[in-house]
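Down below is the structure, laid out as structure tokens.
Read-outs throughout are calculated quantities, based only on the coordinates presented, and are distinct from any laboratory measurement. No experiment lies behind these values; they were computed from the predicted model shown. A quick note on method: Cβ atoms are made from the backbone with ideal geometry, for glycine too, and the neighbour counts reach across all protein chains shown.
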Amino acid sequence: MIDLLSGYAIFSLSTVLVFVALATLLHLQFGLAGIVNFGVVGFWGLGMYAFGILLLNFQLPYFVALILAVAIVALVAFVLGWVVLDLDSQAQLVATLAFAAVIADLVTTEKWLTKGVVGLGTVPHPFGGAQSALWLLLILLVLTVGVIVYARLLGRSPFGRLLAAIRDNEVLARNLGKDTSRAKLIFFTLTSAGMGLFGALSAPVRQFLTPDLLGPGVTFSVWIALIVGGKRWPLGGLLGVLLTIFVFDFLIETYLRVPSDWAQIIPILKLMLYGVTLVLVLLFRPFGLLGDRRQPTSHL
Amino acid sequence: MSNNQITLKGVKKSYGGRVVSDIADLALGRHGVEGLIGPNGAGKTTLMSLITGKISADAGEILFFENGNRHDISGKKLDAVARLGLVRTNQRIQDFESLGILDSMLLSVVQPAQETVLGLFAETALRQQAHPAINRYLEAFRFSDPGGYALSAGEKKLLDIIRCLLLKPKFLLMDEPTVGLPQDQTDKVMEVVREAARDDGMSVVIIEHDLDLIWNVCEYIHFMADGRIMAQGTPDEVRTSTMVREKYMGEGDA
Ligand SMILES: Nc1ncnc2c1ncn2[C@@H]1O[C@H](COP(=O)(O)OP(=O)(O)OP(=O)(O)O)[C@@H](O)[C@H]1O
Ligand SMILES: [Mg+2]
């Protein structure tokens, strides 16, 4: 059991699970509700750093720090959502992208709090012992499955139908008396807080937190995975992450023995392949590999 | 007869300096089913959008009275106005692209308490509760694939009207409801609307260019041109008004 997965494999699998969760949460925000969130890394990174700071700088108990970190992300998402959710999708894109850039900047510059590029200290695993990393992996697995199950159930619930209606034609939904601003704000806050939760749990995965973790690459990877897999499906994020991040960050980097002088080319190759995949999918299957819309309700 | 009313005072709207709506004093809903007629570009659709809050007026006061309650709806948001029981059907086709016919209807029927982030299992109860109302409309109106999507323009128009009726509004504004519908479906729509007006006290204002329908269905008519209400009265009074003839029916479509 101990040697079933090497330390690095556990780390990579944990990372992959986090990406699956993020992509599924993005499915909820974008695929279901039509909210354009290009600040995924902002919510994730805020959760990660808030948790690390509360734990290390303020010495709060582990789960208190975790809950508080998620609450902070929820609050920030609420305020940001309040401002941008009723704007058009371009404005949402720019605002969320800018938000993520601000978070990355603050983490770099506010050294008194984050220690800047030097890096915050080491965030411990939630449980100690020899299997601590495996426990964390298990927690991430359970939570990620939870998010997918939630997405699946929500898609077939009245609130999911409301979100689809808002995405399709918001004015018409309002015409039917739907408080669309409220629905979007609640949902955006909840799902962004979810991103924050997975950010907080990424802190012990990464252990040593530095600002370069918060680059826009995280957001782009999540978006590409979701678009490739199928933005309209609860399993779209999972499929997309398996085909992109899993193949590169897990299979290739863990098991493929590449000559050392190739090592620098792999990340560049990876980005190129991501790009090519995205273009091909958008050209031939614009709704992603899983395809277009769901079956309508056919009887009561 | 219904006791719901909309009153407008000094309501103005202009686009780029051109006044498209200038309503000095207007009361809608005093006479059960009313008509609103006038030439293309008269400002009829704009008037409805002003009332429901889809667009906001530059000036003026709009009040909504229902069952003895008085609501100032000037500047109120579209969805807030709809929740008071004042809704409109659309002239131009409006649809939820990814919702099937039944989904569209369920969206209308659902109560806010069932429509929550954690209400993951509310669907079964909703369907049971919505069953009678939805079935009634499915029996009354023909859809080529009732278990699928609204396909033709006519079906989408019909669905738009049914969605509004399922809300059981107190006041229904209908913007050219019959365009694109076959005659028998038009008759059916009018039958259902008149029934709701009679039995549930729903007030109705219908915009139409189909004047036969207006003369047949409406008890009172408002005539509009150039953003203003120019004449009001019973169908007979309006039909025989020389001004209405000159400004509208003289154009050849009567
Ligand atoms: N958003 C807008 N911007 C500029 N002008 C507008 C706008 N909306 C409406 N108008 C103008 O206002 C006038 C009234 O339009 P409206 O749609 O209310 O007329 P209508 O009486 O409903 O006509 P129809 O019978 O053809 O539907 C028209 O001249 C139209 O061009
Ligand atoms: Mg019109």
So what is Rg over Rh here for region A:7-214, counting just Cα atoms and using Kirkwood for Rh? 1.00
Would you please give the residues with an amide H less than 5 Å from that of B:His209, counting only those at least 5 places away or on a separate chain, with H modeled from the backbone geometry? none
Can you give me the angle between helix B:123-140 and the longest principal axis of chain B, using Cα atoms only, in degrees from 0 to 90, rounded to the nearest 10? 50 degrees
Angle between the Cα long axis of helix A:132-155 and the longest principal axis of chain A, 0 to 90 degrees, nearest 10? 0 degrees
Rank B:Ala133, B:Ala196, B:Ala150 by mean-square fluctuation in a GNM of chain B with C-alpha springs under 10 angstrom and give only the top-ranked residue. B:Ala133
How high is the relative contact order of region A:67-159, in percent, counting Cα pairs under 8 Å that sit 6 or more residues apart? 8 percent
Lys and Arg at +1, Asp and Glu at -1: neighbours of B:Leu151 with Cβ under 11 Å from its Cβ sum to -2
Kindly provide the trypsin sites (Lys or Arg not before Pro) of region A:255-300 that DSSP labels as loop, not H, G, I, E or B, and whose Cβ sees at most 11 other Cβ atoms within 10 Å. A:Arg257
How much net charge surrounds A:Gly119 when only the other residues with a Cβ under 13 Å from the Cβ of A:Gly119 are counted, with Lys and Arg +1 and Asp and Glu -1? +2
Positive-end residue of A:Tyr62, A:Tyr49, A:Leu80, charge dipole of region A:7-214 with Cβ unit charges: A:Tyr62
I'd like the mean, over residues of B:109-115, of how many other protein chain beta carbons sit within 10 Å of each residue's own Cβ. 4
What order do you get for B:21-30, A:42-51, B:81-90 when each peptide is scored by the mean count of other beta carbon atoms within 10 Å, highest first? A:42-51, B:81-90, B:21-30
Hz values of 3J(HN,Hα) by residue in region B:93-101 - Karplus curve (6.51, -1.76, 1.60), Gly and Pro given as x: 4, 10, 8, 9, 3, 9, 9, x, 4
Relative contact order for region A:7-214: what percent, with Cα pairs under 8 Å and sequence separation of 6 or more? 45 percent
Within the protein assembly as shown, the percent of DSSP beta bridges that are antiparallel, given to the nearest 5, stands at 60 percent
Per residue of B:116-128, other chain Cβ atoms within 10 Å number on average 5
Along the principal axes of its C-alpha atoms, what lengths does region A:78-155 span, in descending order and rounded to whole Å? 50, 44, 16
Beta carbons within 10 angstrom, averaged per residue: use that to sort the peptides B:58-71, B:225-238, highest first. B:225-238, B:58-71
Give me the net charge for the shell around A:Val107: Cβ to Cβ below 11 angstrom, other residues only, Lys and Arg +1, Asp and Glu -1. -1
Over all distinct Cα pairs, what is the inverse of the mean 1/r for the protein assembly as shown, reported as the Kirkwood hydrodynamic radius in Å? 26.4 Å
Pairs B:Lys54/B:Lys168; A:Lys184/B:Lys12; A:Lys184/A:Lys270; B:Lys77/B:Lys156: which are spaced more than 27 Å apart, C-alpha to C-alpha? A:Lys184/B:Lys12; A:Lys184/A:Lys270
Take every DSSP beta bridge with both residues inside region B:109-254 and express the antiparallel ones as a percent of the total, to the nearest 5. 50 percent
Cα gyration tensor of region B:88-133 diagonalised, 5x eigenvalues square-rooted, in angstrom largest first, produces semi-axes 22, 12, 10
